[in-house]
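Structure first, commentary second.
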Amino acid sequence: MGTGKAAIHSIAADVHPPTPQASRLAALCEIACLLICVELIMWVVPVVPEMRAAYAGLAGMIIVLLVVTHLRDRPQARELGFRFDNFLPVLGRISLRFAPFIAVILVTGLATRSLSFGARFYGMLLTVPLWALLQQYMLFAFVHRRLRVVLGDGQWVTLTTALLFALLHLPNPILTLACGVAGYIWAKAYERSPNLYANALTHTVASALIANSLPHWLLKNMVVGLNYFYR
């Protein structure tokens, strides 16, 4: 019996080998590098003398980090969520979970007479998708996948992903709250069946609805970081 149990444990270890501590540390460092660059763009760049150069430098560092790690790991596009075979099912699940959230936004807009589905709304539907896809790539294809290396599979990865996405929208209170909820919904969908296109599409629509539905006293602007206080 003892030998049989040892064999079973040996097979399990081969199928799900433990993540080396060095891999966890590397994943954590890569997450930290990305987050630090983003935070510097949000909080430091607006007050430096050469703002454009500083922004370009940090954006360049983020691009290099994403490209180098992608070339090193060579993940399949399907693994990351660049796929269409599951687009409609994932879009349906995300939309269903977003429905109460969107309903609250629209009801608030109706109650405060702040709904405005004009040129700005349709302009956001056209201009936000690529930015939303980039955010989704960084959050899930980069951060979430590395959090799974650090924390393992489970609820903590989902919660941590949602929390990080929320914190990146400080000090805007409404966006921080909304992104925490949305981040959790996207994370659950990504873990079940990754599709960055479905995430980005719902990201775009939700952003456009929030920006054009909520009153100014509730949503000052769609800006985060230090610029929130000046716009």
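Readers should treat all values here as calculations from the given coordinates under stated rules, not as data from a laboratory. Remember, predicted model here, so these are calculated numbers, not experimental data. Cβ atoms come from the backbone with ideal geometry, glycine included; neighbour counts cover every protein chain shown.
Here are some notes:
- Packing, as the average of other Cβ atoms within 10 Å across residues, places the peptides 49-60, 170-181 in the order 170-181, 49-60, highest first.
- The relative contact order of the chain, computed from alpha carbon pairs under 8 Å that lie at least 6 residues apart in sequence, is 32 percent.
- Projected-area average for the range 37-103 over all orientations - Cα convex hull basis, square nanometres: 7.3 nm²
- The chain: angle of helix 21-43 to the longest principal axis, Cα-based, in degrees nearest 10: 10 degrees
- Packing, taken as the mean count of other beta carbons within 10 Å per residue, orders the peptides 155-166, 200-211, 117-128 from highest to lowest as 200-211, 155-166, 117-128.
- Whether the range 110-167 is rounded, prolate or oblate, judged on the alpha carbon gyration tensor where a/c under 1.5 counts as rounded: oblate
- Principal-axis analysis of the Cα atoms of the chain puts helix 51-73 at an angle of about 30° to the longest axis.
- Gyration tensor (alpha-carbon) shape descriptor, the range 23-136, a/c threshold 1.5: oblate
- The helix-only estimate of mean residue ellipticity at 222 nm for the chain, built from DSSP H runs of length n ≥ 4 each weighted as -39500 (n - 2.57), is -24000 deg cm²/dmol after division by the residue total.
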